[in-house]
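The values are calculated or read from the model by the stated rules, or taken from the named source; none is laboratory data. Everything numeric in this text was worked out from a predicted model, so none of it was measured. Using ideal geometry, Cβ is built from the backbone for each residue, glycine included, and neighbour counts are taken over all protein chains shown. These accessible areas exclude ligands, DNA and RNA; they are computed on the full protein's heavy atoms, side chains included. Shrake-Rupley method; radii C 1.70, N 1.55, O 1.52, S 1.80 Å.
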Amino acid sequence: MVGVDKLVALPGTVRARTPEETWKAVAGRLHEFGITRLANLTGLDVIGMPVWTAIRPASKTLSASQGKGATVLLAKLSAVMEAIELWHVEQPVSVAAVGPAAEVAPHCPVTALPTTAPYPEEALARVVCEWTHAAGLVSGVRVLLPVDLVRRRGQRPDWTPDVWRATSTGLACGNTRAEAAVHALLEVVERDVLYRDTLVGGRRRTLIDLRTVDDPLGQEVIARLAAAGMALEIALVDGPYGLPVCVAYLWSEDYPVVFAGGGCHSDPAIALTRAVTEAAQSRLAAIAGTRDDLTADHGSFDTSPFHPAQTAGLAPWPEATARFTPAADGFASQARDIARRLQHVTTHEPVVLDLSAPDAPIRAVQVVCPGTRSRIRRSMPR
């Protein structure tokens, strides 16, 4: 049994269980989620940063899910968690009602939800679709959401109009519902902040002097990349939510493609290492070539020349992050706090849809935050 709102500080993350406890909970049940094998991809690259993949041959979305971490076990669990997330959105979603928003869910902010194209509010209010129950993350009030925000296009009934855009933003697994909700909300914040920054041409970024990073894991990761001959750029991205968001870019002569990663966490050090390790994972994904959503050419990545960023005027990491205070409360309190921050900016309450069964070894959720945005293209413009 997981302790009530227990926090376990780990290298590069915070969870409700130790990695050993989480692995014990899921190891014997991987087949339930269609996972047939796990593979260690770390040795395919010269960096040496742990990256694993989980394979689901019968997947209706992606058959290969990758994960990274500061240790071998954390990377393996990260891959397993991502695979289980996708398994959950492939399962049928309970339908609570069918009809247009104007009749079924008149208070649903349909114009603030992700859609496949811009539609007038009047049209969205009249679209007949299926609805499912979710709950407000601040108020706890039950609300209705279009099922197609979770259900993938290939699983929709023939009569369903292709209006709502289902994305992986806000999809997360955790040892508890609250833990999963926190990680989902942090992902929403990260992607919305990076989207806002893209709209202004990257002018919300503060380039960081890598020599001033004082977090031990951050120092270790930066040193490992330097030893492998990688060029690295890290920026802190300003956003309206008061949470640290980082973006990292990785490039090397042996594979002259720019790989990017983003990260958000109440602890700036974790946001930084998440961004850097995600960039390294993206590079290994391209090297391994096992992800079924990668194209055969480099067109899905940024192949522009990687000119070194300015070396003068870089911000010292401690000064750039001094205004942030890592969260010390439990996951439930953290989830409410982040949800309130989002609601204050967007004026819409974030809602959570529980995807996992009551006896599941871990919890899966989809968090929907009306009014937030995320990029559609894979690459993060530098």
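Per DSSP helix of 4 or more residues, -39500 (n - 2.57); summed, then divided by the residues of the chain. What does that give at 222 nm, rounded to the nearest 500? So the calculated ellipticity at 222 nm is -9000 deg cm²/dmol. Computed from the C-beta positions of residue 340 and residue 46, the FRET efficiency with R₀ = 35 Å rounds to 0.20. Phi-derived couplings, Karplus 6.51 cos²θ - 1.76 cosθ + 1.60 at θ = phi - 60°, listed residue by residue for the stretch 228-233: 8, x, 8, 8, 10, 10 Hz, with x used for Gly and Pro. Phi-derived couplings, Karplus 6.51 cos²θ - 1.76 cosθ + 1.60 at θ = phi - 60°, listed residue by residue for the stretch 172-183: 7, 10, x, 5, 9, 4, 5, 4, 4, 5, 4, 5 Hz, with x used for Gly and Pro. Given R0 = 41 Å, the distance between the Cβ atoms of residue 322 and residue 375 translates into a calculated FRET efficiency of 0.90.
Here the gap between residue 31 and residue 203, fully extended at 0.36 nm per residue and compared with their Cα-Cα distance, gives a gain of 57.3 nm.
The listed residues 359, 209 rank as 359, 209 when sorted by accessible area, largest first, using a 1.4 Å probe. Computing the accessible area with a 1.4 Å probe over protein heavy atoms, can you report the carbon and sulfur percentage for the chain? Exposed carbon and sulfur together represent 53 percent of the surface.
Solvent-accessible area of residue 200, all protein chains in place: 40 Å² (probe radius 1.4 Å, heavy atoms, ligands and nucleic acids excluded). Taking every protein chain into account, the accessible area of the stretch 200-242 amounts to 49 square angstrom per residue (probe 1.4 Å). With each label modelled as a point 7 angstrom along the Cα→C-beta vector, the residue 119-residue 139 pair spans 2.4 nm.
A simple spin-label model places pseudo-atoms 7 Å from Cα toward Cβ; at residue 62 and residue 5 they are separated by 3.3 nm. Our coupling estimate for the stretch 199-213, obtained by passing each phi through the Karplus curve with A = 6.51, B = -1.76, C = 1.60 and θ = phi - 60°, is 4, 10, x, x, 7, 9, 9, 10, 5, 9, 7, 4, 5, 9, 5 Hz, Gly and Pro reported as x. For the stretch 1-108, averaging the sequence separation of C-alpha pairs within contact (under 8 Å, six or more residues apart) and dividing by the residue count gives a relative contact order of 18 percent. Across 287, 55, 208, mean-square fluctuation computed from a Gaussian network of the chain (C-alpha pairs under 10 Å connected) peaks at 287. For the pair the stretch 55-97 and the stretch 140-160, the centres of their Cα atoms are 19 angstrom apart. Equivalent-ellipsoid semi-axes for the chain (Cα gyration tensor, √(5λ), whole Å, largest first): 32, 24, 22. For the pair residue 152 and residue 71 in one chain, pulling the backbone fully straight at 0.36 nm per residue adds 25.9 nm over the alpha carbon distance. In a DSSP loop and with at most 13 other Cβ atoms within 10 Å, the trypsin sites (Lys or Arg not before Pro) in the stretch 172-205 are 203.
Entry comment: accessible area of the stretch 1-95 is 45 Å² per residue, from protein heavy atoms only and a probe of 1.4 Å.
When all protein chains stay in place and ligands, DNA and RNA are ignored, the 1.4 Å accessible-area order of 133, 88, largest first, is 133, 88. Return an integer: the convex hull volume of the alpha-carbon atoms of the stretch 93-248, in Å³ per residue. Roughly 178 Å³ of hull volume per residue.
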